[in-house]
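> What follows is a structure written as structure tokens; I'll ask about it next.
The values are calculated or read from the model by the stated rules, or taken from the named source; none is laboratory data. Computed from a predicted structure; not experimentally measured. Cβ atoms come from the backbone with ideal geometry, glycine included; neighbour counts cover every protein chain shown. With ligands, DNA and RNA removed, areas are computed over all heavy atoms of the protein, side chains included. Shrake-Rupley method; radii C 1.70, N 1.55, O 1.52, S 1.80 Å.
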Amino acid sequence: MRDLSRAESRFLGLPGAHRPRSDAEAQPIEQVTLSFQAKVFLTEGLYASGAYRGGALFGFQSEGDLSIQFATPAGYTCGDLGLRQQPLALDERFILGWSGALEAAYPGKLSWVGNWLMYPDSQLAPLERDLEWLHEGLDTDLFNEEHVLLTVGWDLGVLSARALGYNRQTREPLTFTHDLVGEE
């Protein structure tokens, strides 16, 4: 029997055992890196300014490094004002589809590791604004020590990002990185 994905547990309410995490996976996140594909997707998204944008992040964690391999839209926004007005909202069917496809292509390797957010002006916002969005996901455990909020924007004309999470025990914000680190 295969382990349930985070999307299956969250959106379908399926109980079930998750696979034990290896020592490398259990280490706290120290930095977040983006694959070339994820970086291109997020950079292109900055040119669609005028509204909040958000979506899901898929990747893996190893030895303190959260490696984001894919960034996706929140879903198909045609006619769905909720996805356009609430950047942390995700189309459950869309994310379940991505999770299933990635599990088929990379069995046991990639999972839903967080959400990304861009502001209407495509600029990186002050930390205080990011913390407001981070707080939005606190009650539902959308963000925690393992699942990040990645805010992306221009900072003095340079692509930049900030990855944040929450400590489940203390309910204090965690900052994992201030700079966008990309794999070439």
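> Quick one: net charge of Ser122's neighbours, Cβ under 13 Å, K/R +1, D/E -1?
That works out to -2.
> Just reorder His147, His135 by solvent-accessible area, largest first, 1.4 Å probe, all chains present. Numbers along the way, then the final one.
Details: His147 25, His135 105 Å².
Largest accessible area first, the list is His135, His147.
> Shifting gears a bit: Under 5 Å between amide hydrogens, which residues at least 5 positions from Ser62 or on another chain qualify, with H placed 1.01 Å from N in the peptide plane?
Counting only residues 5 or more places away or on other chains, the set is Ser67.
> Let me ask something additional. Rounded to the nearest 0.05, what FRET efficiency do Ala104 and Gln31 give with R0 = 30 Å and r taken as the Cβ-Cβ distance? Could you check?
0.55
> Here's another thing I want to ask about it. Considering only protein heavy atoms and a probe of 1.4 Å, how much of the accessible area of segment 62-153 is carbon and sulfur, as a whole percent?
Carbon and sulfur together cover 54 percent of it.
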